[in-house]
1. Rounded, prolate or oblate for the range 103-250? Axes are the square roots of the Cα gyration tensor eigenvalues, ordered a ≥ b ≥ c, and the cut-off for rounded is a/c under 1.5.
2. Just the number please: accessible area per residue for the range 68-148, 1.4 Å probe, all protein chains included, in Å².
3. Please list the non-local residues whose amide H lies under 5 Å from the amide H of residue 114, H modeled 1.01 Å from N, same-chain partners needing a gap of 5 or more.
4. Between residue 208 and residue 50, what is 0.36 nm times their sequence separation minus the Cα-Cα distance? Round to one decimal in nm.
5. Can you work out the PRE-style zone for residue 230? Point 7 Å along Cα to Cβ, and I want the residues of the range 128-170 with backbone N under 19 Å.
6. Ignoring ligands, DNA and RNA, please state the percent of accessible area on the range 125-181 from carbon and sulfur, probe 1.4 Å.
7. Taking 0.36 nm per residue of sequence separation and subtracting the Cα-Cα distance, how much length would be gained by fully extending the chain between residue 253 and residue 154, in nm to one decimal?
8. Which shape class, rounded, prolate or oblate, goes with the range 29-186 when its Cα gyration tensor gives a ≥ b ≥ c as root eigenvalues, a/c under 1.5 marks rounded, and past that a/b bigger than b/c marks prolate?
Amino acid sequence: MAKCKCKGNPRIASNVVQSMKKDPCKGCFDICNTPLYGDPNMLGVYTPLIYDEIGVNLCATFNVGTDIPTTFPSASKATIRVLNAAYTYGPGTGNVTLENIDRRKNCYRVTLSNLTITFLLQLYDSSCHLLTTLFPTAVYLPSDITAPTYDEDTNPSSIELELYAPYGITYDATTTPPAPRLNFVGETTTTNRLSQGVNLFAFGKVLDLSVADSNITVGLTLVLQSLYYAGYKIRSHGKIDIPKGSIITPENSECMKFVAGDLLNLSIKPLDLGDYKHEEEYKTDCEKEVGYENCCPSDQS
């Protein structure tokens, strides 16, 4: 970055902009009013990158919370999704913790226990007609070994997983002092987003549905990921073509021609902020050209 002064105020400009002038302090190049010409093949993106991940499978049988034989006697099939996972963080029996491993500064030990999973369960009849949508909950990795979902082999009281997290973990700034935070990525408005650091994902699968006693057996996959956002260049193959749905009508008015026609789209390309490419050679003064009156903005696309 280089610095010059415009009208007495210091202005910081990139090296690309500064290269437009041999002496930048004799006049600042205003990229806002005179954008660089460009048709970039490479796009800059800011994206989450996965540095490490590890997964484990669990299984538990639990009651759906509704008397299926009485309420939905024709139910015979089910599908399930994971909406949310609630847990308590902090040292102590049955809590979730993230700890830096001694002498391994880039690795963390993640302990998972007492995860209360909220599911979205949909019941169908034999013809695959949707009967209802339920939201049962079940505790996976229960610290209480007398819990109905506990099983030494398929759903133990806790598990420990190690994860490579070279840029550290996220902290909850609302606590004093800030506490390490495990971000769960689910399908609610408060959990449907990633966070830098360690993220937890969960996916469910119906293994058995017992209609008679309203119980369901669900396999649960837990995935831990360490990820961080970083800027990268990616090769562009152009903008996405959006599939268009058409309204069929015998009317042939201008409005209907527009409705049946192609989609409007913005046509100005992103700036090419790469190496200097003599962009000023592509810029002309419209008023000096013959027929400049045709250069006025048009609402025609």
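The values are calculated or read from the model by the stated rules, or taken from the named source; none is laboratory data. Since the model is a prediction, treat every value here as computed from it, not as a measurement. Here Cβ is always computed from backbone atoms with ideal geometry, including for glycine, and neighbour counts include all displayed protein chains. Quick note on the areas: whole protein, heavy atoms, side chains included, nothing else; ligands and nucleic acids left out. Shrake-Rupley method; radii C 1.70, N 1.55, O 1.52, S 1.80 Å.
1. On the way: a/c = 2.42, a/b = 1.05, b/c = 2.32.
Because a/c hits 1.5 or more and a/b fails to exceed b/c, the range 103-250 counts as oblate.
2. Details: 4170 Å² over 81 residues.
The answer is 51 Å² per residue.
3. HN-HN under 5 Å from residue 114: 143.
4. On the way: separation 158, 0.36 × 158 = 56.88 nm, distance 3.35 nm.
Length gained between residue 208 and residue 50: 53.5 nm.
5. 163-170
6. Working: 1810 of 3510 Å².
Answer for the range 125-181: carbon and sulfur cover 52 percent of the accessible area.
7. Numbers: separation 99, 0.36 × 99 = 35.64 nm, distance 6.60 nm.
Between residue 253 and residue 154, full extension yields 29.0 nm more.
8. Details: a/c = 2.80, a/b = 1.38, b/c = 2.04.
In terms of gyration-tensor shape, oblate.
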